């Protein structure tokens, strides 16, 4: 069971507020000077459990050295979310929680834990979006940044992808504008099937790499994605999607997107996948060029967006581990 | 109004049969020796009208020289389709019509017109799939082949894309397993929104190229795709999709996929788009390498799959026109 932190009535960027609790899990021991902290925010449909493949002595994040705080995003079904919130903000009444809101909520948790400074903030996918937002919002408190298959903002093509899966989800007969009384299964399954096409690459399907992930056929993969999403809560999926769509480090900041990225002081290694269909290599190239001193280190992979997911194939995991090692060493022993 | 050709009770590859009529349009004059014929099969959601930007004196297909036959695929809403078929095969009772069936039906039409030999068969997207099938099925009767943003078979990733849009379409409350009494609008709109994400490229959205196509914003583009598809017939969309999924030049032929492509005798120029997300450049590279003497000539474009659509932007249209010109000249005056 994760630990919980009560945010009280948390004031959101939109002006609304949310009675909110963060669920989080820690690994390793906090140093006396609180100088060994790594923060890892959760990703879309992920939880604190999803990152466990990265944790452990000698792991991607060496828990003999680091105190790792893995935080469930608001909306993910573990922290306060449409599916578990008080009635006034439950289901379709759940307010928009932006990426910036997520980061400010995480800051309050770290404050309560006596943590000011982060050795590293890292994450995959939406975890990377939150990591970027951290490095822009608190440039003095983030030593190193490691965004994996993510971006500093939700690109137009990414929005189009998300609006497609949203339309598939909400077209179902049982969705009833979020006021469903039983799961809107047809919509959830359609959501999973549409999403599956975006998650991987052309080569993944061409070479039958799905078999390596345990799917004997393309149909089995589609059925698997449908079944996995049929078990999820539709309003949670939509709340997290709205967070994703809100992601943009330049919102409300002078200097715009470029200015925001140039304001990052963390040592940064940007790790895209060469075949990611929505957090694209092209976008990561732009962002790595804007962050001062950042290194771009793509995962050469046929796994598409999935390349950076914790616990995925050994080659890609090694790439992530090496990048984590290097960005940690570099901020401890800069050139 | 297009002309029509009665196929009688057309025997399908599946063993079923379909009382079928082909609707087609011709441009130019048939030469006395019937030696100036170009065949252009329709594409997904396209009709005989869709290809008109390619037609005309001095056009992509010079109608002063060529007799161009544009055929509506069975299932497209103009030729016999779920939406217009006799009750016994209407709506969800419409049988599977494979790409091979489409080609055999077109052959019967050409027979009736006194045409044996084709100077060229060309088409965009599913039109290209039918063109490949023509060149494999009747290798002695096709002089030149020009597949644009298409493929000789529906790749696994292409299938995943299609199963996603199918799921979005059929998740709607009004679909009722195809027995809808009024259009299943929510599903049709979801279909359009999901499809939009696949039709273009990352750069198309990144650079705001949608404005050039008349969409002021990404949202306007998504709304446009939703509205366009809301007017279509769901069972027609599904029938054409099943045709698309059936596309595979090696089905039922010895030698498999490679053997089928190696059997093509037509002078071939393969024209993919460099940014097509489902009829990918990588697949076209493989196919161009397998067809004897074929030339690969990609459209360098940010328009994704849409790059080869008739009437699209001047640069891409010029690429298509030049390829058509060259493949016609080359088969008339081979090296």
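Please treat every number below as a calculation from the coordinates, not as lab data. Keep in mind the model is a prediction, meaning the values are calculated, not measured. So basically every Cβ, Gly included, is an ideal-geometry build from the backbone, and we count neighbours across all protein chains shown.
Overview of results
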{"quantity": "Using a Förster distance of 35 Å, the FRET efficiency for residue A:177-residue A:217 (Cβ separation, nearest 0.05)", "calculated": "0.45"}
{"quantity": "For B:149-158, mean number of other protein chain Cβ atoms within 10 Å", "calculated": "3"}
{"quantity": "Rounded FRET efficiency, nearest 0.05, which uses the C-beta distance separating residue A:315 from residue B:140 and R0 of 51 Å", "calculated": "0.60"}
{"quantity": "Sequence ranges B:289-295, B:10-16, ranked by mean other-Cβ count within 10 angstrom, highest first", "calculated": "B:289-295, B:10-16"}
{"quantity": "Exposure proxy order (Cβ contacts within 10 Å, fewest to most) of A:73, B:126, B:241", "calculated": "B:241, B:126, A:73"}
{"quantity": "Spread of Cα-to-Cα distances over 10 Å intervals beginning at zero, given as percent, for the range B:255-335", "calculated": "19, 44, 32, 5, 0"}
{"quantity": "Tensor-based shape of the range B:137-292 (alpha-carbon gyration tensor, a/c under 1.5 rounded, otherwise prolate or oblate)", "calculated": "oblate"}
{"quantity": "For chain A: relative contact order, % (alpha-carbon pairs under 8 angstrom, 6 or more apart)", "calculated": "18 percent"}
{"quantity": "Those residues of the range A:272-308 whose amide nitrogen sits under 12 Å from the label point placed on residue A:262, 7 Å along Cα→Cβ", "calculated": "A:290-292"}
{"quantity": "Label-point separation in nm, residue B:206 to residue A:206, each point 7 Å along Cα→Cβ", "calculated": "2.0 nm"}
{"quantity": "Ranked by how many other beta carbons lie within 10 Å on average, peptides A:104-110, A:89-95 from highest", "calculated": "A:104-110, A:89-95"}
{"quantity": "Antiparallel DSSP beta bridges within chain A, percent to nearest 5", "calculated": "40 percent"}
{"quantity": "Inter-chain Cβ neighbour average for residues A:191-202, partner chain, 10 Å", "calculated": "6"}
{"quantity": "Rough spin-label spacing in nm, given labels placed 7 Å along Cα→Cβ, for residue A:112 and residue B:4", "calculated": "7.2 nm"}
{"quantity": "Calculated label separations, residue B:84, copies of the chain, 7 Å along the beta-carbon direction, nm", "calculated": "5.6"}
{"quantity": "Ascending list, in nanometres, of distances separating the residue B:325 label from those of the other copies (7 Å, Cα toward Cβ)", "calculated": "5.8"}
{"quantity": "Angstrom value of the Kirkwood radius, inverse mean 1/r, which spans all Cα pairs in chain B", "calculated": "20.0 Å"}
{"quantity": "Inter-chain Cβ neighbour average for residues A:171-180, partner chain, 10 Å", "calculated": "4"}
{"quantity": "Label-point separation in nm, residue A:17 to residue A:329, each point 7 Å along Cα→Cβ", "calculated": "4.9 nm"}
{"quantity": "Rounded to 5, percent antiparallel among DSSP beta bridges of the protein assembly as shown", "calculated": "40 percent"}
